[in-house]
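Colleague: To start, I am sharing the structure in question, which I have written as structure tokens.
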Amino acid sequence: MTTTSTPPGLARFNVLEEHAALADLHEACASTEWGRRLLAARPYTTADDLYAASDAAMAELSTADLEEAMAGHPPIGRPNPGDPTSAREQAGMAGAAEELKTEMLELNLAYQEKFGHVFLICATGRTGEQMRDAVKERIGNSPEQEREIVRTELGKINRIRLARLVEEDA
């Protein structure tokens with residue numbers, strides 16, 4: 001479905017003062033460079049324009065920028081207290097059995113030991129078992145392979161979070 005009018009949330013974002021727009025973008029992704037790139041490309045006519053700018057910015061982030069983005073994400077199974085976004089995104093772990101939660105904690109620690117950062121996956125819509133299986137599979141990757149997978153997963157997360165921004169009422 002194509003619409004000719006800019007969604008209310010996107011129209012609001014387009015006219016926000018720079019510091020407020022950067023704060024909104026930081027809620028979606030902790031990478032300062034990613035936020036700067038999206039801010040510089042305003043105004044956006046459609047949500048797809050915003051998503052394309054997000055994807056382009058994500059593709060060009062340096063390793064340090066990716067690390068900054070990853071630092072904004074809590075480990076799977078341990079959403080930040082009081083953070084409804086991480087709790088919503090990790091809902092698949094909320095009702096998981098204690099054994100699965102314990103296994104996920106151990107896998108998170110092993111992954112972090114190997115790669116130096118949290119295991120990052122677009123958790124929205126995934127079960128605890130699917131996330132566990134993904135970390136088990138990915139822990140065998142090289143750091144280079146994993147960095148590109150993380151880049152892709154961050155891109156997915158950013159799109160979901162940007163969609164919420166776009167859909168907000170003005």
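Colleague: Hey, what's the stretch 1-120 come to in accessible area per residue, 1.4 Å probe, Å²?
Modeller: Working: 6380 Å² over 120 residues.
Ligands and nucleic acids excluded, the result is 53 Å² per residue.
Colleague: List the GluC sites (Glu not before Pro) in the stretch 71-170 that DSSP assigns to loop (not H, G, I, E or B) and whose Cβ has at most 16 other Cβ atoms within 10 Å. Which are they?
Modeller: Listed in order of number, the matching sites are GLU168.
Colleague: Using only the alpha-carbon atoms of the stretch 15-167, report the extent along each of the three principal axes, biggest first, to the nearest angstrom.
Modeller: 48, 32, 23
Colleague: Over all directions, what mean area does the Cα convex hull of the stretch 107-170 project, stated in square nanometres?
Modeller: On the way: hull surface 19.6 nm².
Averaging across all directions leaves 4.9 nm² for the Cα convex hull.
Colleague: Which number do you get for Rg(Cα) / (2.2 N^0.38 Å) in the stretch 1-44?
Modeller: On the way: Rg = 11.1 Å, N = 44, 2.2 N^0.38 = 9.3 Å.
Computed over Cα atoms of the stretch 1-44, the ratio equals 1.20.
Colleague: Something else: Ignoring any ligand, DNA or RNA, what whole percent of the accessible area of the stretch 1-144 comes from carbon and sulfur when the probe is 1.4 angstrom? Walk me through the intermediate numbers first.
Modeller: Details: 4050 of 7640 Å².
C and S fraction of accessible area: 53 percent.
The values are calculated or read from the model by the stated rules, or taken from the named source; none is laboratory data. Bear in mind that the values here come from a model prediction, so they are computed numbers and not experimental data. Note that we place each Cβ from the backbone using ideal geometry, even for glycine, and neighbour counts take in every protein chain shown. Calculation scope for accessible area: heavy atoms of the full protein, side chains included, ligands and nucleic acids excluded. Shrake-Rupley method; radii C 1.70, N 1.55, O 1.52, S 1.80 Å.
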